[in-house]
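Please see the structure below; I have some questions.
The values are calculated or read from the model by the stated rules, or taken from the named source; none is laboratory data. The model shown is predicted, which means the values in this text are computed figures rather than measured ones. Here the Cβ is made from the backbone with ideal geometry for all residues, glycine too, and neighbour counts use every protein chain on show.
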Amino acid sequence: MIARFLARLMDSQTTWAQPFGDFNHRWLVALFRPIRPAKDFLNGTWLGHPLHAAITDVPVGLFTGVILLDLLDQRGAADAILVLGILSMAAAAVAGLADYTDTDGAARLRATVHGTIMVSTLVVYLVSLVIRAGNPLDRTAAVIVSLIGYGLITAGAYVGGDVVYVLGNMVSRHAFRGAGTKWIRLELETPSEDLPEGVPTKAKLGINNLVLVRVGETVHALHEQCAHAGGPLSQGTVVDGCIECPWHGSRYRLANGHLARGPSVYDQPRYELRPAEGGGWEARRAPR
Ligand code: FES
């Protein structure tokens, strides 16, 4: 099956992609760490959706337009669309690099292959643009180079799709979790009345784990698995009324689970609590 062959092909790139990816990851983390709000913007925290995925269709559409306009010999329009395609591809790349800093393992490996193909594509389209500018009368070479670029961007998009659809990168960890209207008894390691103030505490609710944080008389309950990449929020810290994930630092408001800081672009499921008969608590997922 072709998908298995391509997966093997991608995984066989480990020899160069792993050290290259780790190297890029290091300098990108150092680059983005001091400009966290800008990184949040590039992740798509403000949009509630990964920004990279939203932008990538733009250059693909524009480069498709370049092929059509070249075929119709609409030279000026083809060149203008090519410039827009290059600019939008550069924008998509910057957003992708922000997401890349939070990858690891197989996702980082494939994201490295994806990014390398896409940067090569960008160079190929730039070469096509230079040839168009340098030799406006004979466009054969420029058009051939553009077609090579289109083949490359298709391959890069395939690998990028794998990073999301096969490896689940930037997919909400709660995408398939049901609404759960039933009250279920909460299992706590410590008695509920001894819950420490402001300290994340793990509790079991049926097949789910929750994180509880007591603030004064109020006990807040969120799902324990971070929506971004599954980090354990019970090992996080409480900051400014939010719980901060120990893996990449996303913050969710304790009161409602709303996202306060990326790289997550999703809210965290919140749970309602009520006293259970015979002591302790029971909980159920709160409506959004
Ligand atoms: S797993 Fe990435 S911020 Fe929580």
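Just checking, which of VAL213, VAL239 is farther than 22 Å from ASN43 by Cβ, touching a strand residue (DSSP E or B) at 6+ places or on another chain (Cβ under 7 Å) and β-branched (Val, Ile, Thr)? Step through it out loud before you land on a result.
On the way: VAL239 fails: farther than 22 Å from ASN43 by Cβ.
After ruling out the rest, the residue left standing is VAL213.
Please specify each residue of the stretch 77-103 satisfying the condition of being outside any helix (DSSP H, G or I) and either away from the ligand (no atom under 16 Å from the Cβ) or more than 13 Å from VAL164 (Cα to Cα) (or both).
If we filter the stretch 77-103 for residues that are outside any helix (DSSP H, G or I), which is where we start, we get 101-103.
If the condition is that a residue be outside any helix (DSSP H, G or I) and either away from the ligand (no atom under 16 Å from the Cβ) or more than 13 Å from VAL164 (Cα to Cα) (or both), then THR101, ASP102 are the ones that fit.
Follow-up. Which one is nearest to the chain's Cα centre (by Cα), of the residues in the stretch 127-174 that are aromatic (Phe, Trp, Tyr) and closer than 29 Å to GLY230 by Cα?
First, pick out the residues of the stretch 127-174 that are aromatic (Phe, Trp, Tyr): 150, 158, 165.
With closer than 29 Å to GLY230 by Cα added as a condition, the list becomes 158, 165.
Working: TYR158: 16, TYR165: 12 Å.
Filtering the stretch 127-174 for residues that are aromatic (Phe, Trp, Tyr) and closer than 29 Å to GLY230 by Cα, the one nearest to the chain's Cα centre (by Cα) comes out as TYR165.
Let me ask something else about it. Among the residues of the stretch 260-273, write down those that are modelled with pLDDT of 95 or more and near the ligand (Cβ under 10 Å from one of its atoms).
Passing the criteria: ARG261, PRO263, SER264, GLN268.
How many of the residues in the stretch 83-118 are within 24 Å of ILE35 (Cβ to Cβ) and hydrophobic (A, V, I, L, M, F, W, C)?
Number of matching residues: 13.
Quick one: how many residues across the stretch 39-50 are in contact (Cβ under 8 Å) with a residue 24 or more places away in the chain and surrounded by fewer than 16 Cβ atoms within 10 Å (Cβ to Cβ)? Write out each step before concluding.
Initially, the stretch 39-50 is screened for residues in contact (Cβ under 8 Å) with a residue 24 or more places away in the chain, giving 39-40, 42-45, 47-50.
When the remaining residues are screened for being surrounded by fewer than 16 Cβ atoms within 10 Å (Cβ to Cβ), the result is 47-49.
Looking only at that region, the number is 3.
Please go through the stretch 212-250 and give me each residue that is at pLDDT 95 or above, in contact with a Leu (Cβ under 6 Å, 6 or more places away or on another chain), β-branched (Val, Ile, Thr) and away from the ligand (no atom under 12 Å from the Cβ), ordered by number.
VAL213
Scan the stretch 202-211 residue by residue and report those that are modelled with pLDDT of 95 or more and β-branched (Val, Ile, Thr).
VAL211
Quick check on LEU152: is it out of contact with any strand residue (DSSP E or B) (no Cβ under 6 Å at 6 or more places or on another chain), of a type in the set (A, V, I, L, M), more than 16 Å from the ligand (Cβ to nearest atom) and within 30 Å of SER12 (Cα to Cα)? It would help to see each step written out before you state the result.
Numbers: out of contact with any strand residue (DSSP E or B) (no Cβ under 6 Å at 6 or more places or on another chain): yes; of a type in the set (A, V, I, L, M): yes; more than 16 Å from the ligand (Cβ to nearest atom): yes; within 30 Å of SER12 (Cα to Cα): yes.
Yes; evaluated as a whole, the condition is true for this residue.
Within the stretch 178-211, which residues are of a type in the set (S, T, N, Q) and not in a loop (DSSP other than H, G, I, E, B)? Give the steps one after another, and end with the answer.
Of the stretch 178-211, the ones of a type in the set (S, T, N, Q) are 181, 190, 192, 201, 208-209.
Within the stretch 178-211, SER192, THR201, ASN208, ASN209 qualify.
Where residues in the stretch 207-222 are in contact (Cβ under 8 Å) with a residue 12 or more places away in the chain and exposed (fewer than 14 other Cβ atoms within 10 Å of the Cβ), which of them is farthest from ARG173 (Cα to Cα)? Break it down stepwise before answering.
Restricting attention to the stretch 207-222, the residues satisfying the condition of being in contact (Cβ under 8 Å) with a residue 12 or more places away in the chain are 208-216, 219-222.
From what's left, exposed (fewer than 14 other Cβ atoms within 10 Å of the Cβ): 215-216.
Working: VAL215: 26, GLY216: 30 Å.
Result: GLY216.
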